[in-house]
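Here the structure comes first, spelled out in structure tokens, and everything after it is commentary.
The values are calculated or read from the model by the stated rules, or taken from the named source; none is laboratory data. Predicted model only: the values in this text are computed from it and were never measured. When we count neighbours, we look across all protein chains shown, and the Cβ atoms used for this are built from the backbone with ideal geometry, even at glycine. Ligands, DNA and RNA are excluded from the accessible area calculation, which covers all protein heavy atoms including side chains. Shrake-Rupley method; radii C 1.70, N 1.55, O 1.52, S 1.80 Å.
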Amino acid sequence: MSFAEYSECIAEGDVAIIYLSHDSMMPVKVQRGAQTQTRYGVLRHSQDLIGHKYGSKVSCSKGWVHVLHPTPELWTVSLPHRTQILYTTDISMITMMLDLKPGSVVCESGTGSGSLSHAIIRTIAPTGHLHTVEFHQQRAMKVQEEFAEHRVGHMVTVRNQDVCKDGFGVSGVADAVFLDIPSPWDAVGHAKSALKREGGRVCSFSPCIEQVQRTCAAFTDHGFSEICTLEVLLQVHDVRTVSLPLPDFGTDSDLNQDQDQAQNQGQNQSPAAVSIKTTTKPREIPGHTGFLTFATKPRT
């Protein structure tokens, strides 16, 4: 099992995602002889998990669950939160706007709970590399353990340092840089140094517009171009069935007598209606998460 490669069957040491419902999932480290309690009953790793195919439906004493192969998207909604995290809505925009692809070299700060990190690693695999910087020592150690456990440790380097003072620990190697720190404007110079001479893209995530203003000014001062700021809001439409009456446009003079008789017979009946599928906007839109500011380092 690897977050970057798909495996057919569950093996000892894998991290599997136990699917309980659409909004309830939990990660489990598969170990021979171990058991996991769920709201539907107990899962015995040796009998119920090891050797079974991913996607299998496992029966418990009070119901059943599905055992899914881990992906960055599933990890995002089930990981243990050590910090506020980025979700798939913003992550998809970041990976697209940074032009990430297999073989890309990316610098990231701060790592946090590793939600975005896993998505980046999956995108740049198998030949790319992620250099991620985390200021908090315990969080850096924990996320490094998770990368090794998820078998992607060979594609990522974790550094415990202050990116605003010490940079990313590399120079002139990155295709893209991502900043998720309180003062990203202090790290713009280090981001420019980390990018290749051929140029590259930078993204900064900030929850406050004042942070965006200072970051954009720093990008301008360091010679970046194509500066833009986006806010991504997810709007899920409700699909429902509605019944609409058919309009009565009257009769045509060319209708034959049989049709007239059929119409006369149906005068006492209720008007015909048709059922259709339609969508409606939500009454409330999810609140603001943050602003994504992108900039391009020109070729030097």
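Under the rule of -39500 (n - 2.57) per DSSP H run of 4 or more residues, summed and divided by the residues of the chain, what mean residue ellipticity at 222 nm is obtained, to the nearest 500 deg cm²/dmol?
Computed mean residue ellipticity for the chain: -7000 deg cm²/dmol.
Which value, in Å² and to the nearest 10, is the accessible area of His69 when all protein chains are kept and the probe is 1.4 Å?
20 Å²
Considering only the other residues whose Cβ falls under 14 Å of the Cβ of Gln31, what net charge follows from Lys and Arg at +1 and Asp and Glu at -1?
-1
Which percent of the accessible heavy-atom area of the chain goes to carbon and sulfur, probe 1.4 angstrom? Walk me through the numbers before you get to the answer.
Working: 8230 of 16420 Å².
So the carbon and sulfur contribution to the accessible surface is 50 percent.
Specify the angular offset, from 0 to 90 degrees and rounded to the nearest 10, of the alpha carbon long axis of helix 209-221 from the longest principal axis of the alpha carbons in the chain.
Between helix and principal axis, roughly 50 degrees.
Given the range 59-156, what percent of its DSSP beta bridges are antiparallel, to the nearest 5?
Antiparallel bridges: around 25 percent, rounded to the nearest 5.
What ranking of Arg214, Arg240, Arg299 comes out by heavy-atom accessible area, probe 1.4 Å, highest first?
Sorted descending by solvent-accessible area, the residues read Arg299, Arg214, Arg240.
Ignoring ligands, DNA and RNA, what accessible area per residue does the chain give at 1.4 Å, in Å²?
The answer is 55 Å² per residue.
In the full protein assembly as shown, how much of Met25 is accessible to a 1.4 Å probe, in Å² to the nearest 10?
Only protein atoms counted, so the area is about 40 Å².
Specify, per residue and in Å³, the volume enclosed by the convex hull of the alpha carbon atoms belonging to the range 86-150.
That works out to 76 Å³ per residue.
Sort Asp90, Asp166 from largest to smallest accessible area, using a 1.4 Å probe on the heavy atoms of the protein chains.
Reading off the accessible areas and sorting them downward yields Asp166, Asp90.
Taking the Cβ of Pro182 as the centre, find all other residues whose Cβ is under 12 Å away and add up their charges (Lys, Arg: +1; Asp, Glu: -1). Don't jump to the answer; show the numbers that get you there.
On the way: positive: Arg214; negative: Asp162, Asp180, Asp186, Glu210.
Once all neighbours under 12 Å are counted, the net charge is -3.
Quick check on the chain: of the DSSP beta bridges with both residues there, what percent are antiparallel, nearest 5%?
On the way: 37 of 55 bridges.
About 65 percent, rounded to the nearest 5.
Mind listing P(r) for the range 43-94? All alpha-carbon pairs, 5 Å bins, whole percents.
Here the calculated profile for the range 43-94 is 4, 15, 21, 16, 16, 11, 12, 4, 1.
Helix 115-124 against the longest principal axis of the chain: what's the angle in degrees, Cα atoms only, rounded to the nearest 10?
90 degrees
Taking 0.36 nm per residue of separation and subtracting the Cα-Cα distance, what length does fully extending Glu149 through Thr88 add?
On the way: separation 61, 0.36 × 61 = 21.96 nm, distance 2.21 nm.
Contour length minus the Cα-Cα distance gives 19.8 nm.
Where a Cα-Cα gap under 26 Å defines reach, which lysines qualify for Lys165, not counting those fewer than 8 residues away within the same chain?
Partners within reach: Lys142, Lys192, Lys196, Lys297.
What is the sum of charges, Lys and Arg at +1 and Asp and Glu at -1, for the other residues whose Cβ falls under 13 Å from the Cβ of Ala217?
-2
Straight-line reach from Lys53: which lysines have Cα under 17 Å away, leaving out those fewer than 8 places along the same chain?
Straight-line reach from Lys53, under 17 Å: Lys29.
Can you work out the base-10 log of I(q)/I(0) for the chain at q = 0.10, 0.12 1/Å, using the Debye formula on its C-alpha atoms alone?
Cα-only, vacuum Debye calculation for the chain: -0.67, -0.85.
Classify the range 151-213 as rounded, prolate or oblate from the Cα gyration tensor: take a ≥ b ≥ c as the square roots of its eigenvalues, call it rounded if a/c is under 1.5, otherwise prolate when a/b beats b/c and oblate if not.
Prolate, because a/c is 1.5 or more and a/b exceeds b/c.
Rounded to the nearest 10 Å², what accessible area does Tyr19 have for a 1.4 Å probe in the complete protein model?
Only protein atoms counted, so the area is about 70 Å².
Could you sort His22, His131 by accessible area so the largest value comes first, with the probe set to 1.4 Å?
Largest to smallest exposure gives the sequence His22, His131.
Roughly what angle does helix 88-97 make with the longest principal axis of the chain, taking Cα atoms, 0 to 90 degrees, to the nearest 10?
The angle comes out at about 60 degrees.
Pull out the extension gain between Gln138 and Glu8, defined as 0.36 nm times the separation in residues minus the alpha carbon to alpha carbon distance; nm, one decimal.
43.4 nm
Once you keep just the Cα pairs under 8 angstrom separated by 6 or more residues, what percentage relative contact order results for the chain?
14 percent
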